[in-house]
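Written out below as structure tokens is the structure these notes cover.
The values are calculated or read from the model by the stated rules, or taken from the named source; none is laboratory data. Keep in mind that this is a model prediction, so the values were computed, not measured. Cβ coordinates were reconstructed from backbone atoms using ideal geometry, including for glycine residues, and neighbour counts include every protein chain displayed.
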Amino acid sequence: MARWGASVLERLPLGGDETVLDAGCGSGRVTERLAERLPAGRVIALDGSPAMLAAARTRLTRFGSRVEFVEADLARPLPLGDRSVDAVLSTATFHWVEDHAALFRHLARVIRPGGRLVAQCGGRGNIAAVQRAIAAAGETWPGPWTMAGPEETRQRLEAAGFTDVETWLHDEPTPLEPGEPLREFLQTVVLGAHLERLPEARREGFVAAVAANLPDAVIDYVRLNIVATRAA
Ligand SMILES: C[S@@+](CC[C@H](N)C(=O)[O-])C[C@H]1O[C@@H](n2cnc3c(N)ncnc32)[C@H](O)[C@@H]1O
């Protein structure tokens, strides 16, 4: 996933002195690569989770005041006051936000005219086999989330004030060793949000059931890619 983030970052042209918002910075792995590319610039690392922001703070200490941390919900207008940014980068986050039309409006409000949005998140069909395995285990995914396709995403971006929009899906099937490695990956990465809502006593059995119901030891990730420019 860190590799996916790095390849998304490569799509963002930077001179090195810009201010860039990382929307959903998580523990700051991609943010760190971003900050390295901005030796004379600034990063605003935004996330809705205080725990993730705490981890990002620790990881990004060496950048000092060049990285600012903001706790905020991307589903709501962003609390940046009058400030605008040159670009927004976002990886593995937008699918957690239910209303993409509102999300893109909030982002458009903080990007300067001509500034870029470069993002990747789960897209239409993402982990469909895992979801079928969850259903076969008698559960439903907790949601809410939006696994959008490229067509509706383009329309939402243009309606929000973006131009030169490129959106596309690509498959990232991720094979794992069957058995314990598969179960561990499901537990820590794929099902993490779901497991938090299950009583502790049921978690191990649930992960084992999902692993057993998968047709093979592959996580069928599908990624939605976005490159767009804030209209002048
Ligand atoms: C899978 S992590 C991705 C972290 C990082 N961008 C990366 O690629 O490694 C998704 C992050 O999105 C954050 N997130 C999810 N929904 C959010 C929302 N509505 N507002 C702000 N952050 C949100 C989560 O707290 C989490 O840190």
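For the reader, a short list of remarks on this structure follows.
- Residue 32 meets the conditions (1) of a type in the set (Asp, Glu); (2) under 28 Å from residue 232 (Cβ atoms); (3) modelled with pLDDT of 95 or more in every case but one. The failed one is (2).
- Restricting the range 60-69 to residues that are within 18 Å of residue 39 (Cβ to Cβ) and in contact (Cβ under 8 Å) with a residue 24 or more places away in the chain, the residue that is farthest from the ligand (Cβ to nearest atom): 66
- Of 119, 72, all but one fail to be crowded, with 19+ Cβ neighbours inside 10 Å, within 13 Å of the ligand (Cβ to nearest atom) and either within 18 Å of residue 229 (Cβ to Cβ) or not β-branched (Val, Ile, Thr) (or both); the exception is 119.
Conditions (1) closer than 19 Å to residue 116 by Cα; (2) more than 11 Å from the ligand (Cβ to nearest atom); (3) at pLDDT below 95; (4) not aromatic (Phe, Trp, Tyr), marked per residue:
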site: 2; (1), (2), (3), (4): no, no, yes, yes
site: 16; (1), (2), (3), (4): yes, yes, no, yes
site: 25; (1), (2), (3), (4): yes, no, no, yes
site: 38; (1), (2), (3), (4): yes, yes, no, yes
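- Looking across the range 95-115, the residues that are in contact (Cβ under 8 Å) with a residue 60 or more places away in the chain and assigned to a helix (DSSP H, G or I) come down to 95, 96, 107, 108, 110.
- Here the range 75-99 is the region considered, the condition is being crowded, with 20+ Cβ neighbours inside 10 Å and more than 11 Å from the ligand (Cβ to nearest atom), and the residue that is nearest to residue 120 (Cα to Cα) is 88.
- Scanning the range 40-56 for residues that are in contact (Cβ under 8 Å) with a residue 12 or more places away in the chain, outside any loop (DSSP other than H, G, I, E, B) and within 13 Å of the ligand (Cβ to nearest atom) yields 43, 44, 45, 46, 47, 50, 52, 53, 55, 56.
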